[in-house]
Amino acid sequence: MSDFEDAIGDMTDTLLEEAGLSCLYIRGNDTATLTMRRSTSRPQFIDNGQGHVLEVRPVDFICRTSALPYITPQAGDIIRCDGVRYELQPVGGEKVFRQQSPQMTRLHTRQIG
């Protein structure tokens with residue numbers, strides 16, 4: 001592993017220790033507890049094609065890649081954090097996750113309740 005990758009791993013650990021939340025990662029009937037950092041992006045406004053504009057608030061979660069219960073997060077997986085549910089969904093042409101480094105993964109979600 002390179003010095004850069006080691007630095008990202010150290011940064012991720014520090015971020016999660018200082019600002020992480022205990023969240024549930026849910027797929028079907030399986031649940032895992034992870035420490036994650038939540039960040040809310042600017043709202044996106046989407047025309048639903050029926051004369052209504054919907055406001056969508058994308059929310060990203062950062063976690064340790066090794067903590068994920070699945071190698072590949074999937075659209076439709078749920079994160080429950082502070083009593084609020086978020087569904088993994090692709091955002092802005094990206095897939096539902098981006099592996100920032102071997103140690104850190106960013107999950108793209110939308111709040112659903």
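Tabulated data
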read-out: Isotropically averaged projected area of the chain, using the convex hull of Cα atoms (one quarter of hull area), nm²; value: 7.9 nm²
read-out: On Cα atoms only, tilt of 3-19 relative to the major axis of the chain in degrees; value: 60 degrees
read-out: Among Gly93, Gly49, Gly20, residue whose mean-square fluctuation peaks in a GNM of the chain (springs only between Cα atoms under 10 Å); value: Gly49
read-out: Helix-only mean residue ellipticity at 222 nm for the chain, each DSSP H run of n ≥ 4 adding -39500 (n - 2.57), per residue, nearest 500; value: -5000 deg cm²/dmol
read-out: For the chain, cysteines whose Cβ has no other cysteine Cβ within reach (under 4.7 Å); value: Cys63
read-out: Cleavage-rule hits (trypsin sites (Lys or Arg not before Pro)) in the stretch 24-106: DSSP loop, at most 15 neighbouring Cβ within 10 angstrom; value: Lys95
read-out: Simple Cβ-charge dipole of the stretch 3-111, Lys/Arg +1 and Asp/Glu -1, about Cα centre, in debye nearest 20; value: 460 debye
read-out: Residue with peak Gaussian network fluctuation, the chain [Cα springs, cutoff 10 Å], from Pro58, Pro69, Pro43; value: Pro43
read-out: Neighbour net charge for Tyr70 - beta-carbon separation under 11 angstrom, K R +1, D E -1; value: -1
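Read the figures in this text as sums done on the coordinates, not as results from a lab. Computed from a predicted structure; not experimentally measured. Note that each Cβ is placed from the backbone with ideal geometry, even for glycine, and that neighbours are counted across all protein chains shown.
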